[in-house]
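The values are calculated or read from the model by the stated rules, or taken from the named source; none is laboratory data. Not measured: the values here are computed from a predicted model. Cβ coordinates were reconstructed from backbone atoms using ideal geometry, including for glycine residues, and neighbour counts include every protein chain displayed. Quick note on the areas: whole protein, heavy atoms, side chains included, nothing else; ligands and nucleic acids left out. Shrake-Rupley method; radii C 1.70, N 1.55, O 1.52, S 1.80 Å.
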Amino acid sequence: MTDKTSNQMWGGRFAAGPDAIMEAINASIGFDQRMAAQDIAGSRAHAAMLAATGVITNKDAEAIREGLLTVLSEIESGQFQFSTALEDIHMNVEARLKEIIGEPAGRLHTGRSRNDQVATDFKLWVRDQLDAAAKGLEALIGALVEQAEAGAEWVMPGFTHLQVAQPVTWGHHMMAYVEMFGRDLSRVRDARARMNESPLGAAALAGTSFPIDRDMTAAALGFDRPAANSLDAVSDRDFALEFLSVASICAMHLSRFAEELVIWSSAQFRFVTLSDRFSTGSSIMPQKKNPDAAELIRAKVGRIFGANTALMMVMKGLPLAYSKDMQEDKEQVFDAADNWMLALAAMEGMVRDMTANRDSLAAAAGSGFSTATDLADWMVRVLKVPFRDAHHVTGALVAMAEARGVDLPDLSLADMKGVHDGITEDIFSVLGVENSVNSRLSYGGTAPAQVRAQVARWKEILG
């Protein structure tokens with residue numbers, strides 16, 4: 001086979017043959033340049049430690065420090081020229097550092113490897129994203145608490161199977177999402193604490209013979225401690241997997257809320273009005289207002305779930321320690337992080353801007369025989385009827401009301417006594433939706449007093 005034929009077989013962008021393909025598949029600079037700040041921070045900490053332990057001179061360490069600051073400035077200003085031939089962010093930075101300061105740049109890599117370097121950079125990047133997620137979740141929870149406090153007494157239908165079940169309050173519904181996102185916040189904080197060990201100094205896989213001080217570099221980079229096993233330190237990507245797992249659960253919660261906002265803002269429900277900032281109009285139907293932000297949040301879950309699954313598949317068959325497969329970790333995490341942060345910000349914006357339509361909520365709260373359970377509970381509590389018998393009587397009354405096209409409060413006392421002679425006028429005191437929600441005083445219930453108690457608790461948690 002001729003070289004010409006071979007090149008044609010590689011085709012298109014790989015016309016130069018195997019060398020071009022290898023460069024393209026091996027290079028990660030197209031995406032890992034996002035870790036430039038973390039890479040330079042790690043290198044500065046490493047250089048300072050090498051000087052403190054006498055591995056390099058203070059003069060060389062100072063030249064490295066100043067040179068790295070110059071490189072960072074060039075990257076941040078957009079002047080830095082990234083090279084695919086140099087493969088990754090680490091080699092790009094080191095090559096430019098050598099151009100700036102000369103020979104001392106070659107001493108920076110003493111006592112470390114790209115294996116522990118990339119693990120450190122990636123951990124620092126993921127840690128920054130967890131911090132950003134925590135702030136985003138706190139802001140979203142705060143917005144929900146404000147909605148709950150404003151609507152602690154506003155009645156609305158509660159649903160099971162998307163069928164009207166029992167009356168609840170707007171505040172109670174908002175606080176349900178506070179609990180969900182509160183668990184997400186807890187998971188974010190747990191993940192951050194668990195991953196906060198420094199891989200730096202693990203070198204390629206076995207540690208190093210140089211007298212390095214791993215506690216010093218760990219402290220300089222804000223880690224709690226150095227990772228205890230060099231093999232594990234360079235091959236661990238649990239922190240990335242846990243980040244994606246936490247992001248996936250939170251994205252699922254965001255999607256559930258987004259689905260409710262899509263339903264609630266429809267003409268059939270009119271429970272909420274979303275602001276124009278998070279909605280769009282139709283290109284052909286002037287009456288429409290589309291909840292695009294909510295729909296896009298709902299869709300982004302797929303990308304985040306996909307990233308989680310993809311990285312699990314990358315890691316599942318890898319023996320210790322480092323394998324080049326692990327280069328495939330970053331794009332998944334970068335994409336998931338971008339979409340998670342955007343979804344959190346968009347949801348917070350929608351929650352702060354949306355208006356609950358109190359009249360529509362109240363009108364819907366009394367529909368669908370939503371106080372049927374209250375009727376049964378009244379019979380148990382007042383008439384001492386066994387619950388199963390009360391359930392049967394209530395079912396008969398619901399069937400009667402349904403046949404007449406009315407709701408339970410519209411039946412007369414005579415109608416009700418015709419089904420069970422013990423029913424009295426007092427029954428109508430429990431058939432109102434306000435009375436129903438006010439009676440749900442058990443801890444965590446929908447009664448306004450309970451909602452306000454939970455609002456106060458979360459205000460204290462958020463500080």
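Backbone geometry of the stretch 101-116 corresponds, through the Karplus equation with coefficients 6.51, -1.76 and 1.60 at θ = phi - 60°, to 3J(HN,Hα) couplings of 10, x, 3, x, 4, x, 8, 4, 8, 4, x, 8, 9, 5, 5, 6 Hz, x marking Gly and Pro.
Each Lys and Arg adds +1 at its Cβ and each Asp and Glu adds -1 at its Cβ; summed about the Cα centre, the chain shows a dipole of about 200 debye.
Note on D215: accessible area is roughly 100 Å² with a 1.4 Å probe, heavy atoms of protein only.
Does the chain come out rounded, prolate or oblate, given a ≥ b ≥ c as the square roots of the eigenvalues of its C-alpha gyration tensor, rounded meaning a/c under 1.5 and, failing that, prolate meaning a/b above b/c? In terms of gyration-tensor shape, prolate. Modelled this way, with points 7 Å down the Cα-to-C-beta line, the labels at L296 and E259 are 2.2 nm from one another.
As a test of reading the structure, rank I427, I25 by solvent-accessible area (1.4 Å probe, protein chains only), most first.
Values: I427 0, I25 120 Å².
These residues rank, largest area first, as I25, I427.
What the chain shows is 47 Å² of accessible area per residue, with the surface traced by a 1.4 Å probe over protein heavy atoms. Near the amide H of A165, within less than 5 Å, lie the amide hydrogens of G158, F159, T160, all on another chain or at least 5 residues away, with H placed in the peptide plane. Phi angles across the stretch 426-438 convert, under the Karplus curve 6.51 cos²θ - 1.76 cosθ + 1.60 with θ = phi - 60°, into 3J(HN,Hα) values of 4, 4, 5, 6, 9, 8, x, 5, 5, 4, 4, 5, 5 Hz, Gly and Pro given as x.
Each residue of the stretch 38-54 is assigned a 3J(HN,Hα), and the resulting list reads 5, 4, 5, 4, x, 5, 5, 5, 5, 5, 4, 5, 4, 6, 5, 9, x Hz, derived from the Karplus form 6.51 cos²θ - 1.76 cosθ + 1.60 (θ = phi - 60°), x at Gly and Pro.
Multiply the residue separation of R65 and H392 by 0.36 nm, subtract the distance between their alpha-carbon atoms, and state the gained length in nm to one decimal.
109.7 nm
In this structure, the residue pairs whose Cα-Cα separation is over 22 Å, taken from K123/K459; K98/K330; K123/K324; K59/K123; K135/K316, are K123/K459; K98/K330; K59/K123; K135/K316. Per-residue SASA remark: W340, around 0 Å² accessible (1.4 Å probe; ligands, DNA and RNA not included). Over the chain, DSSP H runs of length four or greater, each weighted -39,500 (n - 2.57), average out per residue to a 222 nm ellipticity of -20500 deg cm²/dmol. Modelled label positions at R404 and A206, each set 7 Å beyond Cα in the direction of Cβ, lie 8.9 nm from each other. Scanning residues 5 or more positions from V272 or on other chains, those with amide H under 5 Å from its amide H are S265, N357, with H placed 1.01 Å from N in the peptide plane.
Using heavy atoms of the protein chains and a probe of 1.4 Å, the accessible area assigned to L108 is about 0 Å². Within the accessible area of the stretch 367-462, the carbon and sulfur atoms contribute 57%, probe 1.4 Å, all protein chains present.
For the stretch 265-396, rounded, prolate or oblate, judged on the Cα gyration tensor with a ≥ b ≥ c (square roots of eigenvalues), a/c < 1.5 rounded, else prolate if a/b > b/c?
Working: a/c = 4.03, a/b = 1.62, b/c = 2.49.
Here the stretch 265-396 falls in the oblate category.
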